[in-house]
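Below is one structure; the comments refer to it alone.
Just so it is clear, none of the values below were taken in a lab; they were calculated from the coordinates. This is a predicted model, so every value here is computed, not measured. Quick reminder, even Gly has a Cβ in these numbers, built from the backbone with ideal geometry, and neighbours come from all protein chains shown.
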Amino acid sequence: MPVDSPAPEGAAKVLLIGLDGFGRQHLLNLSRLAKLGKAQLIAGVSLSDPGPEVRGDIPVYATLAEAWDAGHRPDIVIVSTPINTHYELAVAALRMDADVLLEKPPTATLEQYERLLSESDRVGRYVQVGFQSLGSGALPALRDMLNKPGGNIGELRAVGATGLWLRTESYYARAAWAGHRTLDGVHVVDGVVTNPLAHAVKTALHIAGAKRLGDVAELRTELHHAHRIEADDTSIVQLRTSTGIPVTAALTLCAAEQQDPWITIDGTEGQAVLYYTRDELVVTPNAQRPGAGEPQRRTFGRTDLLENLIDFQSGTAKTLLSPLEDHGAFMKVLETVRTAAEPATIGAEHLDYAGSGPDRHPIIPHIEEYLARAVKAAPSSFSSLGAPWAAQPAQSGTLSVKSADEGSTRVANMRTGEDISPTDSPRPFLDQITTLGGVVVTDQQPLDHTWHLGVGVALQDVNGSNFWGGRTYTREAGRYIWRNDHGRILITGEDVTAEGSGQRLAQSLSWVAADGEPILAEQRTYRVGRADDSAATPRWDLALTFQLTAARNEPVSLGSPGSNGRANGGYGGFFWRLPPMTDGHIFTAEAEGEEAVHGTTTEWLAVSGDFAPLPSRHGHGGPATLILQRHYDTSPDPWFVRYDSYPGVGLSLAWDEPVVLHPGQTLKRGVRVAVLDGRLSVGQTADVVDDMRRTTA
């Protein structure tokens with residue numbers, strides 16, 4: 001019977017289960033540690049012997065029990081095997097009185113995790129989980145930045161994980177369990193969230209302080225697959241920690257090009273990005289903050305987790321970097337993925353393909369943009385962003401107009417806003433508005449301002465509550481700052497009726513302030529109607545009116561950045577976020593261009609250009625024109641115009657002074673918009689305006 005030879009003084013005796021695959025990395029690492037006198041590999045366990053050129057001269061056994069019977073008594077057992085084998089092998093190793101280095105994820109189910117944790121406590125041995133990124137020196141450096149008063153990024157506000165990888169057909173053909181949720185009744189859970197990009201999820205959770213089960217307060221997933229597999233390959237995880245930090249993981253294995261994954265750490269005063277595979281941290285202070293410096297880039301070293309476990313055994317390390325008990329939050333994510341409905345299939349009509357034979361792989365067009373928006377909105381989902389292959393977002397219906405032949409054309413979706421991030425001030429809005437020819441003329445949750453939501457009504461300062469979203473501009477700071485001041489607008493009643501060639505949508509809304517109490521009551525009406533679909537520039541009209549009444553027995557101040565001291569920044573009230581646009585032409589009867597039109601009070605304003613939105617369920621890009629006409633009897637507000645920084649137009653309810661509503665007083669505003677296919681000249685636009693004066697929507 002073989003007996004372990006005496007290890008060099010101070011060296012840990014190690015047994016490796018799984019010599020192929022990632023086990024080869026462990027063999028290289030063990031060779032490094034052996035040269036340092038820290039470890040001695042005494043045996044291996046593998047169903048197939050990779051040969052002495054891989055394993056060296058150690059004995060190899062078919063099972064762990066055979067190695068035990070042969071007299072091997074390791075100090076540490078490394079488990080580098082498929083997920084479904086982790087639990088039983090780790091328990092067996094603990095009962096051999098060995099500590100365990102267990103590859104991620106620790107187990108295939110939450111129940112197994114809790115039983116393994118209990119067994120570890122019972123026998124008094126330790127399990128270190130192989131999330132190598134937790135050994136990065138960037139993590140304590142980042143923790144110090146977040147805890148440092150007046151630091152570069154301030155207090156932690158949100159954490160996001162982004163993974164853009166690709167996997168070929170050969171990847172899923174390499175093993176029977178690859179890409180499965182279960183195999184022969186055994187849980188495998190080999191999806192993008194729980195295996196290939198599990199490090200991204202775990203690292204984000206770690207930074208957000210979510211380690212134990214109780215650290216996760218809310219959790220949702222959205223799972224898809226483009227590969228013809230059982231598990232997910234393109235998914236979003238949204239959670240909120242018990243301390244209120246949102247964590248979003250947006251991951252895919254269907255990118256056009258593989259990139260190093262990264263973690264985005266948003267603070268109240270700046271942002272850090274951690275490229276965890278290369279231990280690189282990029283810190284970017286808020287440019288608006290006085291004395292903000294340039295972005296700083298640093299690369300850190302990494303502590304090997306096996307070496308950390310060895311040092312912990314010898315007493316030279318005080319703590320384990322990735323102890324089993326710190327992975328309850330991750331296992332809650334895994335369990336949610338495991339027990340979720342089957343991932344939704346992304347149809348071939350939504351995919352491109354690259355490569356051939358075993359190297360063939362699907363590509364989801366624009367997936368980079370969707371992942372970026374999902375993380376930036378902290379959080380959002382494929383559904384909320386309107387991805388054409390995802391489920392319908394939260395909406396209460398659609399608006400349509402009739403054509404000359406009495407056919408019906410959908411021209412807008414009515415979104416409830418329930419799925420919008422709390423810091424983006426959730427509220428109802430019109431989404432995916434299209435021309436009669438199908439050109440999409442709205443955007444929502446764009447990267448530059450994720451709180452810009454299609455067409456609707458919003459204000460940044462209502463008695464100190466932010467119903468616009470994002471940072472709040474304050475006179476005291478003289479800049480935008482993050483505050484816990486976001487309100488939400490809820491639909492309390494809704495009625496859609498046919499009206500002429502279109503529809504009338506009447507909504508009763510409640511503006512709920514940051515303190516959770518209603519502060520404004522609103523009556524909002526949308527009217528859509530067909531004007532002309534036979535002309536060279538087919539047209540339909542939208543009319544929006546709203547009435548605001550104080551919901552409390554006290555005055556209510558309606559303000560904006562402009563009324564709080566930001567010059568020419570008086571946005572708020574009616575707002576239309578436009579999609580990306582080229583060759584844009586913004587004009588009135590008297591002036592042309594953003595600077596000349598912004599802040600004017602002319603009767604009408606026009607936007608004409610070539611629109612290029614993300615792919616959507618309804619519509620496409622192309623040339624279009626919007627003509628906005630104010631209701632002079634109710635809307636004295638200046639036009640708000642942006643083009644160079646982002647495309648958007650509106651009417652500024654509180655341009656440079658707040659509007660105060662007293663109890664019982666009602667404020668009324670209204671605007672009418674002609675939505676046309678094609679680009680219009682100033683003269684053509686004037687003709688349409690003349691027609692708008694003669695008709696009503």
May I ask you to compute the full-extension gain from T243 to E325, defined as 0.36 nm times their residue separation minus their alpha-carbon distance, rounded to one decimal in nm? 27.6 nm
Radius of gyration, Dmax [region 12-133; alpha carbons; angstrom]: 13.5, 40
FRET efficiency, T316 to V682 (Cβ-Cβ, R0 51 Å, nearest 0.05): 0.05
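State the antiparallel share, in %, of DSSP beta bridges confined to region 12-133, rounding to the nearest 5.
The antiparallel fraction comes to roughly 0 percent.
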Rel. contact order, % - alpha carbon contacts under 8 angstrom, at least six apart, the chain: 9 percent
Using 1/(1 + (r/R0)^6) with R0 = 56 angstrom and r between the beta carbons of E257 and T666, what's the FRET efficiency to the nearest 0.05? 0.50
Under the 0.36 nm per residue contour assumption, what length would be gained going from the current alpha-carbon distance of T345 and E657 to full extension? 107.1 nm
Full extension from E369 to Q523: what is 0.36 nm times the residue separation minus their Cα-Cα distance, to one decimal in nm? 51.9 nm
If each of Y353 and A477 carries a label point 7 Å out from its Cα toward its Cβ, how far apart are those two points in nm? 5.1 nm
What are the lysines whose alpha-carbon lies under 28 Å from the alpha-carbon of K104, with same-chain residues fewer than 8 places away excluded? K13, K35, K38, K202, K211, K318, K332, K376
Obtain the nm distance between the two label points defined at A506 and L28 by a simple spin-label model: each point lies 7 Å from its Cα along the Cα-to-C-beta direction. 7.1 nm
Can you compute the helix-only [θ] at 222 nm over the chain? Use -39500 (n - 2.57) per DSSP H run of at least 4 residues, normalise by all residues, nearest 500 deg cm²/dmol. -5000 deg cm²/dmol
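I need the semi-axes of the equivalent ellipsoid of region 392-694: take the C-alpha gyration tensor, multiply each eigenvalue by 5, square-root it, list largest first in whole angstrom. Please list the in-between numbers first.
Details: eigenvalues 172, 92, 67 Å².
Three semi-axes, in Å: 29, 21, 18.
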Once you sort the root eigenvalues of the Cα gyration tensor of region 600-647 as a ≥ b ≥ c, which label holds: rounded (a/c under 1.5), prolate (a/b larger than b/c) or oblate (the other case)? prolate
Cα-centred dipole magnitude for region 512-667, charges only on beta-carbon of K, R (+1) and D, E (-1), debye, nearest 20: 480 debye
How tilted is helix 367-377 with respect to the longest principal axis of the chain? Cα atoms for both, answer in degrees (0 to 90, nearest 10). 80 degrees
With R₀ set to 30 angstrom, the calculated FRET efficiency between the beta-carbons of E53 and R174, to the nearest 0.05, is 0.90
